[in-house]
2 protein chains.
Amino acid sequence: MKLLYEGKAKIVYELDENRCIIYFKDTATAFDATKKAEIQGKGTVNNALSSILFALLEDSGIKTHFIKKLSDREMLVWKARRFDVEVVVRNVAAGSLCRRLGLDEGKRLKRPLLELFYKNDKLHDPLICREHLFLLGLMKDSELKEVRRIALRVNSILKNFFEDHGLLLVDFKLEFGLLPDRSVGVIDEISPDTCRLWDMKTGEKLDKDRFRFDLGDLMEGYRRILQRVQGG
Amino acid sequence: MKLLYEGKAKIVYELDENRCIIYFKDTATAFDATKKAEIQGKGTVNNALSSILFALLEDSGIKTHFIKKLSDREMLVWKARRFDVEVVVRNVAAGSLCRRLGLDEGKRLKRPLLELFYKNDKLHDPLICREHLFLLGLMKDSELKEVRRIALRVNSILKNFFEDHGLLLVDFKLEFGLLPDRSVGVIDEISPDTCRLWDMKTGEKLDKDRFRFDLGDLMEGYRRILQRVQGG
C-alpha cells in the first residue's frame, strides 16, 4: 500500500481510489513536538476510542470518514481532501484560550466557542478568523458554514455521551475534509489526544494534558476513559 | 483639568462632562514598549495629521470624537467610552499579518481585511475573532456591525485621499468608542504611528516602521507625509 501521509501520531496508507487505512502509532507529542515520547498502547486505545466515537457520530447522522475498525491499530476510512484547518470547540475555558485571553481555567462558557486554526507546523498553527480562511483559500464560505454546523452538532452529541459516562468534555479539536461523494465530513481521529476530558466528580484530567504537564500516567487516564465509555 | 488617561503617546484630560483634551507627546514606543525613545516634534506632527484626517472623515459623514485642533499639541474631542478593541484594516500584507500567516510583505489583498485585537498590554493585544468579542463582553453584535461598517468606509476614504497625495495606505489601526450622543465613533488618533504609509512610486516606508526597524529618520518620514497631505 502507498504511504500517503505520516503525522505525529498516525500513518495514512492508500488502500484504493476511495479508501485509506489509518495506522495509530504510540508516539505522543506536545508543544510543537518539542516534547515527545513513545507510550506503549496509546495507538491501540486511541483507535478503539476513535472507532467508538466515529460510529456514534455516524449513528447520529453526522458525515465522517469512518468505515470500520480493522484491527487493534488500523481503521478503514474514506479517502478525503483535507482542509488545512483545525476546528476547536470549547465548553469550558482551558489551554491556549486561557493563555491568550487571560481567562481562568475551568470557567464554563455561556455557549460553545468555535475557534479556527491554520494547520501549519512552521507557523505553529495560528488562530485565524473567517476572513483569514478566505484570504488563505483554505475553505469556501459554503464549506465553512457546513463545518460550523457539523462541529457544533458533534459537540452536542459528544458532550451528552461523555456526560452519561461521568466525563466532562472541556474542549476538542476536529479536522474536516471533502469525502469521495464531495460532502464535508469529519476526518482524522477523536481521542484523548484531541479532546480534553475531566472526571465530572473529581475534576481529574484524563487526557493528553497528563503528558503535556506531567500530571500522571498517560495510559491510566486513557484506559479509564475507554473503560467508562465501554460502560465499565 | 483632571488627567483621565496617560498612554504611550498621548495624555487625555477631562475638560467638562462631555469633552476632553488630548495632548500629543513626543514618546515613540514599539514591540510592547520594549523599544522606546523621545522624538522631538512627533507629537506636533501627529496632532496636525490626526486633525486633518479626522476633519476629512467628519466632512465625509463619519462620526468621530474630533471637535477641533486647539494648539500644536492639543486636540479638543468628545468624551467617549472606549471599546477595548483595536480594529486593523489592511490593503496590503505587512507586519504581524505576514509573520502570523507566512504571507510575503507587499502582497496586495483582493479585498480589505479587517482584524480585531483585544487591547490588553499584559496579554500583548492578541488577535480575536467575533466570538471572542462577545465572550469577553467587549462589544455587542450591533456595535460590531457598526464598527465594521465605519472601519471599511474609513479605509475607502483614507486610501483614496492618500493615493491622491502619492501615498499607499498599506494598513492602519482604528479605535472606537461610544460618543456622548451614544453613537459609535472613531476615537484616538490617525497618524503615521497608527497607519503604514509607503511612497507609491518608490515603496519607501514613511511611517513608524522606520522607528521599529531602524529604517531611517522617523521625523523625516512623518514630515514628508504631512507635507504631501498639505499639498506641499
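Structure notes:
- Lone qualifier among A:55, A:94 - being assigned to a helix (DSSP H, G or I) and either away from chain B (no Cβ under 14 Å) or at pLDDT 95 or above (or both): A:55
- Among the residues of the range B:121-135, the one identified as more than 10 Å from chain A (Cβ to nearest Cβ) and of a type outside the set (Asp, Glu) is B:133.
- Test for residue B:179: is it surrounded by 20 or more Cβ atoms within 10 Å (Cβ to Cβ), under 19 Å from residue B:222 (Cα atoms) and either in contact (Cβ under 8 Å) with a residue 60 or more places away in the chain or over 16 Å from the mean Cα position of the chain (by Cα) (or both): no
- Residue within the range A:58-75 that is within 13 Å of chain B (Cβ to nearest Cβ), in a strand (DSSP E or B) and under 22 Å from residue A:149 (Cβ atoms) present: no
- Checking B:145, B:159 one by one, the residue that is without any contact (Cβ under 8 Å) to a residue 12 or more places away in the chain and either assigned by TED's automatic domain parsing to the domain that holds residue B:53 or farther than 23 Å from residue B:28 by Cα (or both) is B:145 and no other.
- Residue match in the range A:60-80 (condition: closer than 30 Å to residue B:138 by Cβ, crowded, with 19+ Cβ neighbours inside 10 Å and of a type in the set (Lys, Arg)): no
- In the range B:136-159, the residue that is nearest to residue B:62 (Cα to Cα) out of those that are away from chain A (no Cβ under 14 Å) and open to solvent by 40 Å² or more (accessible area, probe 1.4 Å) is B:153.
- Where residue B:72 falls short, out of the listed (1) in contact (Cβ under 8 Å) with a residue 40 or more places away in the chain; (2) charged (D, E, K, R); (3) closer than 23 Å to residue B:208 by Cβ; (4) assigned by TED's automatic domain parsing to the domain that holds residue B:33: (1)
- Residue count for the range B:103-120, restricted to those that are over 24 Å from residue B:132 (Cα atoms) and within 9 Å of another protein chain (Cβ to nearest Cβ): 3
Every residue, every condition in (1) out of contact with any Cys (no Cβ under 8 Å at 6 or more places or on another chain); (2) surrounded by 13 or more Cβ atoms within 10 Å (Cβ to Cβ); (3) not assigned by TED's automatic domain parsing to the domain that holds residue A:209; (4) not polar (S, T, N, Q), yes or no:
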site: A:9; (1), (2), (3), (4): yes, yes, yes, yes
site: A:12; (1), (2), (3), (4): no, yes, yes, yes
site: A:15; (1), (2), (3), (4): yes, yes, yes, yes
site: A:20; (1), (2), (3), (4): yes, yes, yes, yes
site: A:28; (1), (2), (3), (4): yes, yes, yes, yes
site: A:32; (1), (2), (3), (4): yes, no, yes, yes
site: A:38; (1), (2), (3), (4): yes, no, yes, yes
site: A:41; (1), (2), (3), (4): yes, yes, yes, yes
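- Residues in the range A:1-24 that are assigned to a loop (DSSP other than H, G, I, E, B) and touching a Lys or Arg at 6+ places or on another chain (Cβ under 6 Å): A:9, A:18.
- Residue check for residue B:184: farther than 18 Å from residue B:113 by Cβ and touching a residue at least 24 places away in the same chain (Cβ under 8 Å): yes
- Residues within the range B:106-126 that are more than 15 Å from residue B:173 (Cβ to Cβ) and either open to solvent by less than 100 Å² (accessible area, probe 1.4 Å) or part of a strand (DSSP E or B) (or both), tallied: 7
- Summed over the range B:183-218, residues that are of a type outside the set (Lys, Arg) and surrounded by fewer than 19 Cβ atoms within 10 Å (Cβ to Cβ) total 11.
The values are calculated or read from the model by the stated rules, or taken from the named source; none is laboratory data. Everything numeric here is computed off the predicted structure, so don't read it as measured data. Glycine also receives a Cβ, built like all others from the backbone with ideal geometry; neighbour counts cover every protein chain displayed. Accessible surface is based on the protein model in full, side chains and every heavy atom, while ligands, DNA and RNA are left aside. Shrake-Rupley method; radii C 1.70, N 1.55, O 1.52, S 1.80 Å.
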